[in-house]
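Engineer: Got a structure for you, written out below as C-alpha cells; questions coming shortly.
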Amino acid sequence: MTPASVTELGVRLRRGETTPAALAAAARRDLEAVAGLNAVLRFTDSLAERQAERAARMLAQRPEEAGPLCGVPFAYKDVLCVEGVETTAGSRILQGFVPPYTGTALQRLLDAGAVPVAVTNCDEFAMGSSNENSAHGPVGNPWDPGRVPGGSSGGSAAVVAAGAVPFSLGTDTGGSIRQPASLCGVTGFKPTYGRVSRYGLIAFASSLDQIGPLSRSVEDAALVYDAVAGHDPRDSTSSPAPVEPAGPTLRAGIAGMRLGIPREYMAEGLEPGVRAAVEAAFGELERLGASLAEISLPSTEAALSTYYIIAPAECSANLSRMDGVRFGLHVDRPSLTDTYLQTRGQGFGAEVKRRVMLGTHALSSGYYDAYYRKAQKVRTLIAQEFDRAFETVDAIVSPTSPSVAFPRGSRSDPLSMYLCDVLTLPVNLAGLPGISVPCGPSVTPGGAASGDGLPVGLQVIGPRGGDAMVLRVAHAYQAATRWHELSPPLPGTR
Ligand code: GLN
C-alpha cells in the first residue's frame, strides 16, 4: 500500500475522518516501528501537540484559509533551528544546544499548520554522502538496512521512504537532498539558491546551502516548496524576486520541451544498472513529447575539486563560531586557547576536522589565490556553461547519483565518498534548482549485480529561477510512471 500523500491526508482531515493529533500520533508510531534505522534523533512531542491543536483550530474555524499542509505531520533535519527544540547538526559539539528562535522555513511550515513530529539524523554539519559521519551513529536505508541511505539528509530520506511521514525537510549543499532521495527511492527537491531562506539553518557552506523538501511525490514537494519559498529580509542572500508558484503549472506537461543530456554526466563510472534505468526514463520523457538531445558541459570534470575548495573554505569560517563558549559542548580548561582546542578536538568528528583544515589552508595567505580565488573563477565558468546550455534546452536530465545505495563502511576513502556527488554538486555551484525522482530499480543488463533492485534517481536541472518548470518536468514523468509508489519491504523493522 502506498502511504498517503499530503493531498490525501488533507481530504481526510477536511472530511473529519481524522485529526491533526491522530495523524501526528500515527506518524510517531510508524517512526518508532522503524527505530532500528536510527533515522530519528528526537521526537518533538510538545511542539507537535501544540501545533496539532493549532491546526485543528485552523481547520475548524477557517477551513477555506487553511492550506494543503494544515494538520499534516512532517520531520526535519537536525540542522534547522526551532525554538526550544535541541538542534545538534549531527555533532557532539552542539550537544544540548537549544535554539532561542525558529528559522524561516520551519516558521512558514508552522504558520501553514504543518505538524513537526521528529528531528532527523544527518551527517555532522551536513558533511557527507552516507550519513556515516553523524555523531549519533549511522542511518540504515529502508530498502536494505545494511546499506547507507545517502547523505547528508539521510534520516530525512529514510523516514519518508519508510512511509512514516509524507514529507521532511532537508538541506542540499552539494547534493544532500537529491542524493539520499535517489538512494532511498523518494523525491527530493533543491530549489534555486536564494529561493528558500537560510535564516535558522546552521550553516555549512553559505553560498551553496539550500533548504528543500523530501517527499513521496513531486506533487507533495511542490506543495511544500510553495509554502516555504519566498523573500526573507533576515537572509541577505534571499532572492527578492517574486516566487512563481509551482502549483499552477505542475500539470502542464512537457510536450515540445527541449531536454539536454550532458555527455559528461553519462560518462564511465556510472553503474550499469543506473545507466539502464536512467536511459529508460529518457525514453519515457520522449514518449511524453519532449525532445532530448546530447549537450556538453566540459567543466564538469573541474566541479568536484572546485566544490572541495569552496565548501571547506566556507565551512572553516562558519564553524569557527563553535568555540565551546557560546553553544553546546564546553570542555573546561584553565586557558581559553586550551578550552577552544579541547572543545573542538573532542566535539568535531574526523570529516569535519578534515574540512576545517582543508578550508583554512585554502584561505591562508599565500595559498588564497592559488586555491580559493581560482576555485571561484572556475565556479563562474561552470555557471556560465549552464547558462549557455539553457539557451538551447529548457531543462537538463541526468542520473542523480552514479551508484545505488552502497553497503555501510564500503567507502572509507574520503575521495571515493566525495565522488558520490559529481552529478549533483555542479548544480549547487551554479545556484540552480534540481530534483531527483525515482526512476525504477537498478537492473544490471546481462547479469545480476549486488545493488540490483535498489532505487535509482533521475535528476532534472533547470535554469536559475526555473523551480516551477523543474517540478513540472518531474511531475510529468511521475504522472506517467509508478516508480515513486514503490515501498521498501523493511525486513525486520515493520
Ligand atoms: N556530500 C557533499 C559533502 O559532503 C554534499 C553535502 C551536502 O550537500 N550537504 O559536502
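Read the figures in this text as sums done on the coordinates, not as results from a lab. On a predicted model such as this, the values are computed, not experimentally measured, just so you know. So basically every Cβ, Gly included, is an ideal-geometry build from the backbone, and we count neighbours across all protein chains shown.
Engineer: Based on Cβ point charges of +1 for Lys and Arg and -1 for Asp and Glu, what charge dipole magnitude is obtained for the range 200-280 about its Cα centre, in debye rounded to the nearest 20?
Structural biologist: Dipole magnitude for the range 200-280 comes out near 180 debye.
Engineer: With an 8 Å cut-off on Cα pairs and a minimum separation of 6 or more residues, tell me the relative contact order of the range 122-174 in percent.
Structural biologist: 31
Engineer: Is the range 1-62 rounded, prolate or oblate when judged by the Cα gyration tensor, a ≥ b ≥ c being the square roots of its eigenvalues, rounded requiring a/c under 1.5 and prolate requiring a/b larger than b/c?
Structural biologist: oblate
Engineer: Amide H neighbours of VAL456 under 5 Å, at least 5 residues apart or on other chains, H built in the peptide plane: list them.
Structural biologist: Excluding prolines and chain starts, which carry no amide H, the hits are CYS439, GLY440, SER442.
Engineer: While we're here: Mean separation of Cα pairs under 8 Å and 6+ residues apart, divided by the residue count of the range 106-236: what relative contact order is that in percent?
Structural biologist: 21
Engineer: Run the helix sum for the chain: -39,500 (n - 2.57) per DSSP H stretch of 4+ residues, divided by residue count, reported at 222 nm to the nearest 500 deg cm²/dmol. Numbers along the way, then the final one.
Structural biologist: Values: 15 runs with 178 residues, N = 494.
For the chain, the value works out to -11000 deg cm²/dmol.
Engineer: Which cross-chain or sequence-distant (5 or more) residues have an amide H under 5 Å from the amide H of ARG42, H modelled 1.01 Å from N in plane?
Structural biologist: VAL119
Engineer: List, in order, the whole-Hz ³J(HN,Hα) value for each residue of the range 184-200 obtained from phi through the Karplus relation with A = 6.51, B = -1.76, C = 1.60 and θ = phi - 60°; use x for Gly and Pro.
Structural biologist: Those phi angles translate into 9, x, 10, 8, x, 10, 9, x, 3, 4, x, 7, 10, 4, 8, 4, x Hz.
Engineer: About its Cα centre, how strong a charge dipole does the range 226-343 have in debye, to the nearest 20, once Lys and Arg get +1 and Asp and Glu get -1 at the Cβ? It would help to have the intermediate numbers written out before the result.
Structural biologist: Details: 9 positive and 16 negative charges, 45 e Å.
The calculation lands at about 220 debye.
Engineer: If you plug each phi of the range 436-451 into the Karplus form 6.51 cos²θ - 1.76 cosθ + 1.60 with θ = phi - 60°, what whole-Hz ³J(HN,Hα) values come out, in order, with x for Gly and Pro?
Structural biologist: 10, 10, x, 10, x, x, 5, 10, 6, x, x, x, 7, 10, 5, x
Engineer: Report, ordered by chain and residue number, the lysines lying within cross-link reach of LYS77, taken as a straight Cα distance under 29 Å and ignoring same-chain residues fewer than 8 apart.
Structural biologist: Output for LYS77: LYS190, LYS353.
Engineer: Which whole-angstrom value gives the distance between the alpha carbon centres of the range 55-109 and the range 137-184?
Structural biologist: What the calculation gives is 19 Å, centre to centre.
Engineer: Which of rounded, prolate or oblate describes the range 305-353 when judged by the alpha-carbon gyration tensor and an a/c cut-off of 1.5?
Structural biologist: On the way: a/c = 2.88, a/b = 2.43, b/c = 1.19.
Prolate, because a/c is 1.5 or more and a/b exceeds b/c.
Engineer: Work out how much length SER206 to SER364 would gain on full extension: take 0.36 nm times their residue separation and subtract the Cα-Cα distance, in nm to one decimal.
Structural biologist: The SER206-SER364 span can extend by a further 55.0 nm.
Engineer: For the chain, what's the relative contact order in percent, using C-alpha pairs closer than 8 Å and at least 6 residues apart?
Structural biologist: 19
Engineer: Counting other Cβ atoms within 10 Å, which GluC sites (Glu not before Pro) in the range 191-279 have at most 16 and lie in a DSSP loop?
Structural biologist: Values: sites: GLU219, GLU264, GLU268, GLU279; in loops: GLU268.
Listed in order of number, the matching sites are GLU268.
Engineer: Is the range 118-223 rounded, prolate or oblate when judged by the Cα gyration tensor, a ≥ b ≥ c being the square roots of its eigenvalues, rounded requiring a/c under 1.5 and prolate requiring a/b larger than b/c?
Structural biologist: Values: a/c = 1.88, a/b = 1.16, b/c = 1.61.
Judged from the Cα gyration tensor, the range 118-223 comes out oblate (a/c at least 1.5, b/c at or above a/b).
Engineer: Tell me, in nm to one decimal, what length is gained between ARG263 and GLU32 on full extension, where the rule is 0.36 nm per residue of separation less the Cα-Cα distance?
Structural biologist: Net length gain for the segment: 78.8 nm.
Engineer: While we're looking at this one, here's another question. Restricting to bridges with both residues inside the chain, how much of the DSSP beta-bridge set is antiparallel, in percent to the nearest 5?
Structural biologist: DSSP beta bridges in the chain are roughly 65 percent antiparallel.
Engineer: Next question, about the same structure. From the phi angles alone, apply the Karplus equation (6.51, -1.76, 1.60; θ = phi - 60°) to the range 224-237 and give each ³J(HN,Hα) in whole Hz, x where the residue is Gly or Pro.
Structural biologist: Per residue, the Karplus-derived 3J(HN,Hα) values read 5, 4, 4, 7, 9, 6, x, 5, 9, x, 8, 10, 5, 9 Hz.
Engineer: Can you give me the convex hull volume of the Cα atoms of the chain, divided per residue and expressed in Å³?
Structural biologist: Spelled out: Cα convex hull of the chain, divided by residues, is 138 Å³.
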